[in-house]
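Right, I'll just put the structure down here and ask away after.
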Amino acid sequence: MQTWMLEEKKDKDKQPEAPQIEKLFFKSRSVIIAGTIDDKLAQRTVTHLLALAEDGDAPINLFISSPGGHVESGDMVHDMIKFIRPTVRTIGSGWVASAGALIFIGAKKENRFCLPNTRFLLHQPSGGIGGSASDIEIQAGQIAQMRQRFDKLFAAATGQKPEKIAADTQRDFWLNTDQAIAYGLLGKVITSIDELK
């Protein structure tokens with residue numbers, strides 16, 4: 001029992017402390033978006049991007065593995081990618097879906113990468129509509145406007161026409177890496193971080 005506790009303490013002593021890990025991570029100029037996209041994740045991501053932009057002009061690697069989430073939170077990160085001075089390279093891993101795909105296309109096509117087993121999902125925006133008849137009408141109008149904006153953003157990012165984006169995303173539109181390249185969504189599949197240098 002005592003030997004085990006001593007071994008455990010030795011292992012803990014070998015592990016870098018959280019501040020040291022954060023320092024090394026910041027130095028790597030990498031940002032990770034994992035999980036559902038909401039206002040808290042967007043705030044953390046944007047804060048990290050702004051801090052890295054302040055630190056220097058070297059490229060920033062933004063890793064994304066997300067099922068999507070809140071569209072406006074995705075917009076916040078998408079716009080910040082274009083707003084800051086350093087080049088942002090988006091790197092998909094696992095799956096890049098919905099609002100995650102919106103963030104992904106914030107980077108220029110030549111700066112959009114993914115790992116080999118990544119899948120992409122595009123679909124039309126949706127929302128929970130409720131309340132009075134007038135409120136439902138207003139919300140439906142907002143979703144329609146969001147849909148048009150979504151179609152234009154993805155058309156500009158992929159080279160497809162907005163009408164094709166609208167037609168393809170009537171239902172869930174899944175793409176593997178080869179399909180994503182052909183569609184104009186993805187620039188290149190990479191297998192090593194050395195390919196980003």
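I'm trying to understand the selection: among the residues of the stretch 27-47, which are free of Cβ contacts under 8 Å to residues at least 24 places away in the same chain and either of a type in the set (Ser, Thr, Tyr) or outside any helix (DSSP H, G or I) (or both)?
47
Is it the case, given these coordinates, that residue 83 is aromatic (Phe, Trp, Tyr) and surrounded by 15 or more Cβ atoms within 10 Å (Cβ to Cβ)? Full working, then the answer.
On the way: aromatic (Phe, Trp, Tyr): yes; surrounded by 15 or more Cβ atoms within 10 Å (Cβ to Cβ): no.
Here the answer is no, as residue 83 does not meet what is asked.
One residue is enough: does the stretch 85-100 have a residue meeting the conditions of a type outside the set (Ser, Thr, Tyr), without any contact (Cβ under 8 Å) to a residue 24 or more places away in the chain and closer than 24 Å to residue 28 by Cβ?
Checking the stretch 85-100: not a single residue is of a type outside the set (Ser, Thr, Tyr), without any contact (Cβ under 8 Å) to a residue 24 or more places away in the chain and closer than 24 Å to residue 28 by Cβ.
Quick check on residue 28: is it modelled with pLDDT of 80 or more, surrounded by 14 or more Cβ atoms within 10 Å (Cβ to Cβ), under 28 Å from residue 194 (Cα atoms) and not aliphatic (A, V, I, L, M)?
Here the answer is no, as residue 28 does not meet what is asked.
Same structure again: If you take the residues of the stretch 163-197 that are touching a helix residue (DSSP H, G or I) at 6+ places or on another chain (Cβ under 9 Å) and over 18 Å from residue 103 (Cα atoms), which of them is surrounded by the fewest Cβ atoms within 10 Å (Cβ to Cβ)?
163
Given the stretch 78-182, what helices (runs of 4 or more DSSP H) lie entirely inside it while holding 1 or more residues that are within 23 Å of residue 62 (Cα to Cα), among the small types (Gly, Ala, Ser) and modelled with pLDDT of 95 or more?
Ranges flagged: 99-104, 133-158.
Hey, another quick one. What residue, of 50, 62, 24, is closer than 22 Å to residue 114 by Cβ and outside any loop (DSSP other than H, G, I, E, B)?
The match here is 62.
In addition: What is the number of the single condition among (1) of a type outside the set (A, V, I, L, M, F, W, C); (2) part of a helix (DSSP H, G or I); (3) within 10 Å of the chain's Cα centre (by Cα) that residue 73 does not meet?
Single failed check for residue 73: (3).
Quick one: which residue in 79, 75 is charged (D, E, K, R), in contact (Cβ under 8 Å) with a residue 12 or more places away in the chain and out of contact with any helix residue (DSSP H, G or I) (no Cβ under 8 Å at 6 or more places or on another chain)?
79
Each row is one residue, and each column tells you yes or no for (1) farther than 18 Å from residue 154 by Cα; (2) of a type in the set (Gly, Ala, Ser).
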| residue | (1), (2) |
| --- | --- |
| 35 | yes, yes |
| 38 | yes, no |
| 44 | yes, no |
| 48 | yes, no |
| 57 | yes, no |
| 82 | no, no |
| 89 | no, no |
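The values are calculated or read from the model by the stated rules, or taken from the named source; none is laboratory data. Please read these numbers as outputs of a predicted model, since none were measured by experiment. Glycine also receives a Cβ, built like all others from the backbone with ideal geometry; neighbour counts cover every protein chain displayed.
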